[in-house]
Amino acid sequence: MQRFYITTPIYYVTDAPHVGTAYCTVNADAMARWHRLRGDETLFLTGTDEHGQKVADTAAKNNLSPQEWTDRTSARFVEAWKLLNISNDDFIRTTEERHTKSVQSFLSTIYDNGFIYKGTYVGPYCVDCEDYYTAENLLDGNCPVHGRPVIEMEEENWFFRLSAFQDRLLAHFESHPDFTTPETKRNEALSFIRSGLRDISITRTSISWGVPVPWDDRHVFYVWYDALINYLTAIGYGTEKDEMAQWWPHSHHLIGKEIIRFHSVWWPAMCMAAGIEPPHHVQVHGWLLVGGQKLSKSMGNDGPVRLGEIAPATLVDEFGVDAVRYYLLRNTALGSDGEFSIESVTARYNTDLANMLGNLVARVCAVVNTKCASVGPAPSPDSELLQFAHVTIDEVSSAWENFEPHIALEKTWTLIGAANAHLENFAPWKMEPGEAIDRVMGDALEAIRIISVLITPAMPDTADEIRRRIGLGAVTAQGDWNTLRTATYPGGLAVQKGEPLFPRIRSAA
Ligand code: MSP
């Protein structure tokens, strides 16, 4: 048993959740579910990032106070994640009292340790990124991420001595080769460190929507500086509910590729400055693109897609929650960018879910109904199908372990393909009731039992429904994962037919 603490980035409340932010959250959820299934002690955190210039500006544009705006928008994230069956153990909001306490305590420690000093910042700043740039980083004078004009910032601020950590960070990357994965993203972080680290301005006097600096009440902390600390707030850093010893540094931060520098450079340096270990692992994912562009809230509705049409609620309405989860996990390799389209969701739905998984379960239940008097037979000990299933269990297990959900699902679907081929091959619907058909159906039911466990992290409701149809209870770590290889479908259970799990959808074209 391990301890597994997984986090998503906390989402800006500048607008509603969309399929891009759902992508990250569903991936983190599947990892958390996988680790719970393995019996690991698991903590899964997500939440909302509610301070900063951008949020204050958005609230003002909507004629609301920042607090009213954040209350309203944060609730939309809670609602969207509920709809997507996200199993987070905690939901953090950076405007909560517990967060203010942790941030102030953490940064006071860094201050006391001598890594914060007063200076003046002059340079370009992108409000959309809430990030500073140098003139060389800009693309045609614009922000390299958003392609929009930057503002010229000049402020007397408190600075974090990031430059003091260059060598220690390089040593950490050296001694922890898996600190940031995949490797291409690790190299990106490394080359940023090697290019020379500059100290960072970490406070603001120009806005008041932030966590107050405890040693200088004219300043609030820069939003990124308060945001990163959320990972510690949730485990009670600096408060009476301190669970640091239990959960730190077992953390895995799942993040998008544009925020590597904050998580793989700033954050470990901040931890070092505060005298705690850096996080265990930063897992980077790519972007969902629409028409080649990053799908984002600032894309608005005049781009290649209307955001409302691909809001999580609309997709769940159209395809069902587990199909949306499956698509997000299966269609894009974690770490790469992926093009999102309704056509590709429809295609995967019809091919992988309706034709392969849905059809397998429907055929097996129907044949057991008509040829085995609705009682599921037990499998034979060493069938070819089951030997293949056992190889698949190992492959799927190591793919989940390595943060490769798309491979875990690809391998699971190879087993679903093999189970369908097993049926085609024996054509039990043409056989007479008797021992031979019992063997064929017992093996198919055993494959379905194994498949139901393997799909649990991705499609928890479907897994339980499939099991209900073949007479088994919901998946548990103790009863199912631990005995996945040793136990078998017991036989003698009532098998029921049901509505199609994934009725085919006609494509729009
Ligand atoms: N608030 C910061 C994170 C602070 S974490 C201490 C932030 N918020 S964000 O809302 O802009 O983005 C949050 C995450 O959502 C990022 O990891 C980002 O990559 C991800 N995504 C936003 N749009 C996305 C896609 N189109 N595709 C995939 N991920 C997407 O940055």
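The values are calculated or read from the model by the stated rules, or taken from the named source; none is laboratory data. Nothing here was measured: the structure is a model prediction, and the numbers come from that model. Because the Cβ atoms are built from the backbone with ideal geometry, glycine has one as well, and the counts that use them run over all protein chains shown. Just so you know, the surface numbers come from the protein's heavy atoms only, side chains and all, with ligands and any DNA or RNA stripped out. Shrake-Rupley method; radii C 1.70, N 1.55, O 1.52, S 1.80 Å.
Quick look at the numbers
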| item | result |
| --- | --- |
| Flag if Val122 is open to solvent by 40 Å² or more (accessible area, probe 1.4 Å), farther than 30 Å from Leu43 by Cα and either within 14 Å of the ligand (Cβ to nearest atom) or part of a helix (DSSP H, G or I) (or both) | no |
| Filter result for Gln53 (open to solvent by 10 Å² or more (accessible area, probe 1.4 Å), in contact (Cβ under 8 Å) with a residue 60 or more places away in the chain, farther than 22 Å from Leu295 by Cβ and of a type outside the set (Ser, Thr, Tyr)) | yes |
| Residue in region 21-42 that is aromatic (Phe, Trp, Tyr), surrounded by 21 or more Cβ atoms within 10 Å (Cβ to Cβ) and within 9 Å of the ligand (Cβ to nearest atom) present | yes |
| Residue that is surrounded by the most Cβ atoms within 10 Å (Cβ to Cβ) [pool: residues in region 129-165 that are in a strand (DSSP E or B) and free of Cβ contacts under 8 Å to residues at least 24 places away in the same chain] | Asn142 |
| Breaking point among (1) away from the ligand (no atom under 13 Å from the Cβ); (2) touching a Leu at 6+ places or on another chain (Cβ under 8 Å), for Val78 | (2) |
| Long-range neighbours under 7 Å by Cβ, at least six apart or interchain, first residue in contact (Cβ under 8 Å) with a residue 40 or more places away in the chain within region 379-400, second open to solvent by 60 Å² or more (accessible area, probe 1.4 Å) and not hydrophobic (A, V, I, L, M, F, W, C) | Pro379/Thr488; Ser380/Arg439; His390/Arg485; Thr392/Lys411; Thr392/Thr414; Ile393/Arg485; Val396/Lys411 |
| Answer residue from region 166-186, given it is within 28 Å of the chain's Cα centre (by Cα) and charged (D, E, K, R) and is most open to solvent (accessible area, probe 1.4 Å) among those | Glu174 |
| Exclusive hit being assigned to a helix (DSSP H, G or I) and open to solvent by less than 20 Å² (accessible area, probe 1.4 Å), set Asp352, Asp394 | Asp352 |
| Identity of the residue in region 5-20, within 6 Å of the ligand (Cβ to nearest atom) and outside any strand (DSSP E or B), that ends up modelled with the lowest pLDDT | Gly20 |
| Qualifying residue in region 426-446 (condition: touching a Lys or Arg at 6+ places or on another chain (Cβ under 6 Å), in contact (Cβ under 8 Å) with a residue 40 or more places away in the chain and assigned to a helix (DSSP H, G or I)) | yes |
| Test: residue in region 463-476 that is of a type outside the set (A, V, I, L, M), at pLDDT below 90 and open to solvent by 80 Å² or more (accessible area, probe 1.4 Å) | no |
| Enumeration of residues in region 430-457 that are open to solvent by less than 20 Å² (accessible area, probe 1.4 Å) and over 18 Å from Leu360 (Cα atoms) | Pro457 |
| Residue in region 56-71 that is open to solvent by less than 10 Å² (accessible area, probe 1.4 Å), outside any loop (DSSP other than H, G, I, E, B) and over 23 Å from Trp287 (Cα atoms) present | yes |
| Contacts under 7 angstrom Cβ, first residue in region 3-29 being over 17 Å from Ala227 (Cα atoms), partner aromatic (Phe, Trp, Tyr) and within 10 Å of the ligand (Cβ to nearest atom), 6 or more apart | Pro17/Tyr11; Pro17/Phe77; Val19/Phe340; Gly20/Trp287 |
| Candidate set from region 221-238 (those that are touching a Ser or Thr at 6+ places or on another chain (Cβ under 9 Å) and open to solvent by 10 Å² or more (accessible area, probe 1.4 Å)); member that is nearest to Glu258 (Cα to Cα) | Ala234 |
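The rows are residues; the columns are (1) farther than 18 Å from Tyr327 by Cβ; (2) outside any helix (DSSP H, G or I).
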| site | (1), (2) |
| --- | --- |
| Ile450 | yes, no |
| Thr456 | no, yes |
| Thr462 | no, no |
| Arg467 | yes, no |
| Leu472 | yes, yes |
| Thr486 | yes, yes |
| Phe502 | no, yes |
| Arg506 | no, yes |
